[in-house]
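Written out below as structure tokens is the structure these notes cover.
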Amino acid sequence: MGEKSKYVEIARESLQYYLKNHKYLEIEEKSNRRNGVFVSLKKNGILRGCIGTISPVMESIEEEIIRNAVEAGLHDPRFYPVMEEEMDDIDISVDVLSDSFPSSFEELEPMTKGIIVTSGSKRGLLLPNLEGISTPEEQLEIVLKKAGIKPFEDYSIEVFTVERFK
């Protein structure tokens, strides 16, 4: 099995396992790879949950995917928890984040680079290549709003790339 299908399969299996057993899936095959990971769930093409980590918090990327798949399905505050009977209708994607680096508005590329904005303790992240977001202005406006940062406040910008697995 290729890495591509493996990550999405782990996310799906993890969420299904948690819905049935109310505990996290444990897998034996773990890599040494550690990255921040976002797991996105869509139902009929509409976002149904998305949770992730900017930097790794687990010991392996597989454990990061397992944790974030459950979080996306059950704890995204924008949505009610996913039900077991919905799983056949849910498409899952896994975004593996690169390290982020400082950037500026002029360097934003919403199709290829994600964005992180920070102002004091407020922080927001927006993945790259999202439907309906094609300009740097749109990308910045949305991520600032998501972080609760006013456009006139001082904030820093970081960017990152992702490997997206569907």
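The values are calculated or read from the model by the stated rules, or taken from the named source; none is laboratory data. Everything quoted here is computed from the prediction, not taken from an experiment. Cβ atoms come from the backbone with ideal geometry, glycine included; neighbour counts cover every protein chain shown.
The figures follow:
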item	result
Flag if Pro77 is more than 21 Å from Phe160 (Cα to Cα) and surrounded by fewer than 18 Cβ atoms within 10 Å (Cβ to Cβ)	yes
Residue count for the stretch 11-46, restricted to those that are touching a Leu at 6+ places or on another chain (Cβ under 9 Å) and under 10 Å from Ile92 (Cα atoms)	4
Which numbered condition Glu29 misses (of (1) at pLDDT 95 or above; (2) more than 15 Å from Leu127 (Cβ to Cβ); (3) part of a loop (DSSP other than H, G, I, E, B))	(1)
Failed condition for Ser156, given (1) under 29 Å from Ala11 (Cα atoms); (2) in contact with a Ser or Thr (Cβ under 7 Å, 6 or more places away or on another chain)	(1)
Filtered residue count, the stretch 83-115, keeping only those that are under 13 Å from Gly49 (Cα atoms) and among the hydroxyl-bearing types (Ser, Thr, Tyr)	1
Given (1) over 16 Å from the mean Cα position of the chain (by Cα); (2) crowded, with 16+ Cβ neighbours inside 10 Å; (3) more than 23 Å from Thr161 (Cα to Cα); (4) not hydroxyl-bearing (Ser, Thr, Tyr), index of the condition Leu15 fails	(1)
Scan of the stretch 1-26 for residues that are outside any helix (DSSP H, G or I) and free of Cβ contacts under 8 Å to residues at least 24 places away in the same chain, ordered by number	Met1, Gly2, His22, Lys23, Glu26
